[in-house]
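The values are calculated or read from the model by the stated rules, or taken from the named source; none is laboratory data. Please read these numbers as outputs of a predicted model, since none were measured by experiment. Using ideal geometry, Cβ is built from the backbone for each residue, glycine included, and neighbour counts are taken over all protein chains shown. Side chains are part of the model used for accessible areas, which takes the heavy atoms of the whole protein and leaves out ligands, DNA and RNA. Shrake-Rupley method; radii C 1.70, N 1.55, O 1.52, S 1.80 Å.
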Amino acid sequence: MSALLLRDIRLAARAGGSAMLALAFFASVATLVPLGVGPDLALLARIAGGVLWIAAVLAALLALDRLFQADFEDGSLDMIALSPLSLESVAAAKIAAHWLTTGLPLALLSPLLAVLFGVKTIAALFVSLLVGTPAVSAIGAVGAGLTMSIRRGGLILPLIVLPLLAPAVIFGAGAAVGSAGALPLLGAFSFAACVLSPFATAAAVRLNLGS
Amino acid sequence: MPLAVPYIDISDLTGIRGGRVLFRGLSFRVETGRALSLEGANGSGKTSLLRMLAGFLAPAEGAIRFGDVADGEERGKFVGWLGHHDAVKAQMSVRENLDFFAQLYASEAGDTLDALGLARLAELPGQYLSAGQKKRVALARLKLTKRPLWLMDEPLASLDAAGKKIAADLVAAHCAGGGIAVVATHEPLGIDCDRLVLA
Amino acid sequence: MLRYANPTRFMQLSTPILPWLGGAALVLLAVGLTLGLSVPPDYQQGETVRVMFLHVPAAWTAMMAYGLMAVASLVGLVWRHPLADSAAKAIAPLGALFTALGLVTGSLWGRPMWGAWWVWDGRLTSFLLLLFLYLGYIALWNAIEDETRAARAAGILALVGAVNLPVIEFSVDWWTTLHQGESILRKGGPLIASVYLWPLFAMALGYTFLFLTLWTMRIQTEILTRRARSLMLAGEL
């Protein structure tokens with residue numbers, strides 16, 4: 001499992017990989033917001049939690065359609081599926097790699113953006129992204145597994161994944177501003193998503209291998 | 001060889017893809033130490049049959065058994081796969097490509113690079129390889145999986161004369177060592193093998 | 001149950017039942033509407049209370065449809081039954097339709113109550129998300145060419161959605177209490193005067209029968225389409 005994890009991280013980190021792209025996208029979206037709503041720092045501070053959470057979800061979705069598709073198209077997935085690793089473990093490794101190369105860097109970058117937005121609860125925002133983004137990777141992986149054989153799967157993926165991510169955004173943005181009870185709810189949602197998703201994702205991969 | 005397949009037995013197999021019947025009532029048996037050359041026109045179902053053997057596709061009817069193992073996912077653990085696509089990552093060197101699958105299959109790359117004439121290219125990223133060189137990498141990877149049943153889809157395609165010889169020798173050596181190979185091909189393999197033609 | 005799950009058997013059984021289902025829907029809807037228009041106006045909401053008879057049953061039906069879609073998907077995935085796949089596929093557009101109906105009537109009801117066409121009220125928001133779940137399901141079905149694979153992929157999505165739906169509902173409720181105070185009137189709720197219960201009950205049954213009628217028709221269409229296609233593939237048409 002660690003072999004697959006390390007290889008996916010290596011691919012994401014290399015030129016043309018998704019890790020830097022996601023970070024740059026996150027920062028650009030966050031930059032567009034003040035341009036759109038005006039530079040009023042009090043207003044920006046008030047909406048920052050929600051804005052940064054939405055930007056983070058979109059940035060994490062950016063590379064998601066290739067999570068399985070790249071390996072599916074070049075035949076690697078066939079060989080990975082025939083290896084001693086179960087498809088559930090394959091899914092878990094892919095989710096972990098996706099989070100380590102998108103969710104984690106996004107969370108690490110968020111304090112900087114929080115300063116630019118004049119946020120007071122920087123630590124809460126950071127922790128909310130750290131705890132909540134695994135759910136984005138986990139639920140996104142189900143969508144990535146389902147759409148891997150669709151040529152323009154990247155267009156359908158957000159449509160099927162975003163409504164499922166509503167709880168993450170609600171609890172995440174709540175936790176970012178320090179609302180009572182939001183962080184435990186976010187943690188519970190994230191945990192449940194990470195535990196259940198590998199099974200649904202493996203089922204999706206299995207059905208697409210039969211094509 | 002850690003695992004062995006005594007024989008593969010296919011009985012009364014029906015394959016349907018997209019509502020079209022590819023083959024019906026297909027039965028054959030391959031004993032250990034034998035290679036089977038799977039032939040037939042484009043669209044006759046060679047690739048689908050290979051995917052059924054590997055357990056990716058469920059047959060519409062009929063049964064596939066490797067010795068006494070019948071379950072699709074169980075069967076997969078015996079399979080060394082050489083697919084239609086080369087599965088060579090452009091951003092990773094030849095050695096990294098092989099090392100990854102060696103780790104995944106709990107095996108080691110060892111001297112497979114030399115055996116396939118790839119030693120020179122070991123540090124080159126996959127994106128600079130020609131189609132024939134990628135095929136050699138795929139053959140090296142198949143060898144290092146140390147699986148007893150090789151399922152190969154057009155292994156000779158895009159290889160030069162020397163490469164075809166290496167590939168054929170590889171299959172012959174695998175079978176001589178107690179393995180089985182089922183090879184979908186348009187060209188004669190140039191080794192002693194059984195033949196099955198899909199109409 | 002599986003004895004009746006054969007498509008031919010389904011056609012035989014459902015065809016004579018269909019007019020009765022449709023008739024029951026018509027009668028119940030007529031009764032419900034008549035009752036709904038004849039009850040006295042609410043002391044608080046006035047005449048607009050009558051929108052409730054269109055709105056609340058639509059919301060119920062939309063939820064029920066998602067539940068049925070998830071059950072049909074589960075049966076399709078576990079027993080690989082093509083009729084269950086057809087049934088699940090046939091529900092999605094109906095579910096989306098009843099969800100949209102719930103949203104539109106909710107908006108019409110809200111206009112005089114809230115003074116705005118749309119308010120980010122908990123129930124409306126979760127129904128908006130439900131609509132997107134339906135749309136995603138339909139999009140996935142349409143994007144995968146192979147029928148069997150499309151059915152299984154959409155089935156997995158429906159089940160994941162069904163597991164997540166209560167969490168979405170809960171999170172939206174949580175979000176409403178976080179952001180809104182007294183501005184939202186509680187619609188429906190436990191405080192419905194008994195005089196309104198009868199029309200509501202009749203309309204809920206009417207919507208259910210309407211849904212069942214349309215569902216059966218769509219399954220029949222699906223079965224016939226499949227048959228026509230396989231005949232065409234066999235070169236007999």
Sequence-distant or interchain residues sharing an amide H contact under 5 Å with B:ARG17, placed H: which? B:LEU22
Rounded to a whole number, the mean other protein chain Cβ count within 10 angstrom for residues of B:10-19 is 2
Report, as an integer, the average count of C-beta atoms from other chains found within 10 Å of each Cβ along C:147-158. 5
Tell me, what is the 1.4 Å probe accessible area of A:GLU88, in Å² to the nearest 10? 50 Å²
How would C:GLU147, A:GLU73 line up by accessible area, probe 1.4 Å, largest first? A:GLU73, C:GLU147
Taking Cα atoms only, helix B:161-176 is inclined relative to the longest principal axis of chain B by an angle, in degrees rounded to 10, of 60 degrees
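Once the Cβ-Cβ distance between B:GLU61 and A:ALA180 is put in as r, and R0 is 45 Å, what FRET efficiency do you end up with, to the nearest 0.05?
Once rounded, the FRET efficiency stands at 0.15.
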Taking springs between alpha-carbon atoms closer than 10 angstrom, which of C:LEU200, C:LEU128, C:LEU210 fluctuates most in the Gaussian network model of chain C? C:LEU128
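Report the full-extension gain for the segment B:LYS146 to B:HIS186: residue separation times 0.36 nm, less the Cα-Cα distance, to one decimal in nm.
Difference between extended and current length: 11.8 nm.
For the range A:2-209, with only Lys/Arg (+1) and Asp/Glu (-1) charged at the beta-carbon, what is the dipole magnitude about the Cα centre, in debye rounded to 20?
180 debye
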Mind giving me the nanometre distance, one decimal, between the label points for C:LEU178 and B:ASP194, set 7 Å out from Cα along Cα→Cβ? 6.5 nm
Mind listing the phi-derived Karplus ³J(HN,Hα) values for the range A:35-49, rounded to whole Hz, using 6.51, -1.76 and 1.60 with θ = phi - 60°, and x for any glycine or proline? 5, x, 9, x, x, 4, 5, 5, 5, 4, 4, 5, 9, 4, x
Hey, with R₀ at 30 Å, roughly what FRET efficiency would B:ARG120 and B:SER158 work out to, going by the Cβ-Cβ distance, to 0.05? 0.95
Going 7 Å from the Cα of A:ALA45 along its beta-carbon direction, which residues of the range A:109-152 have the amide nitrogen within less than 18 Å of the resulting point? A:111-126
Amide H of B:LEU198: which non-local residues (sequence gap of 5 or more, or other chain) have their own amide H closer than 5 Å, using H built in the peptide plane? B:GLU39, B:GLY40
So the angle from the long Cα axis of helix B:94-104 to the longest Cα principal axis of chain B, reported in degrees to the nearest 10, equals 50 degrees
Distance in nm between label sites at C:ASP146 and A:SER89, each 7 Å beyond Cα in the beta-carbon direction? 2.6 nm
Angle between the Cα long axis of helix A:122-147 and the longest principal axis of chain A, 0 to 90 degrees, nearest 10? 30 degrees
With a 10 Å cut-off between alpha carbons and a GNM built on chain C, which of C:SER126, C:SER107, C:SER38 moves the most? C:SER38
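Can you sort C:TRP198, B:TRP81, C:TRP118 by 1.4 Å-probe accessible area, starting with the largest?
Sorted descending by solvent-accessible area, the residues read C:TRP198, C:TRP118, B:TRP81.
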222 nm mean residue ellipticity, helices alone, for chain A (DSSP H n ≥ 4; -39,500 (n - 2.57); rounded to 500): -26000 deg cm²/dmol
Just counting partner chain Cβ atoms within 10 Å, what average do the residues of peptide B:76-88 show around their Cβ? 4
Two-site label geometry, A:LEU196 and A:VAL115: point separation in nm, points 7 Å out along Cα→Cβ: 4.0 nm
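Rounded to the nearest 500, what is chain C's calculated 222 nm mean residue ellipticity when only DSSP H runs of at least 4 contribute -39500 (n - 2.57) each, over all residues?
For chain C, the value works out to -29000 deg cm²/dmol.
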Under a 5 Å amide H to amide H cut-off, with H placed in plane at 1.01 Å, what residues pair with B:TYR7 once short-range neighbours are removed? B:GLY67
For the protein assembly as shown, percent of DSSP beta bridges that are antiparallel (nearest 5) comes out at 45 percent
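Counting only protein heavy atoms and a 1.4 Å probe, tell me what percentage of the protein assembly as shown's accessible area is made up of carbon and sulfur.
Here it works out to 66 percent.
Counting only protein chains, not ligands or nucleic acids, how are C:TYR43, B:TYR7 ordered by accessible area (probe 1.4 Å), most first?
Accessible-area ranking of C:TYR43, B:TYR7, largest first: C:TYR43, B:TYR7.
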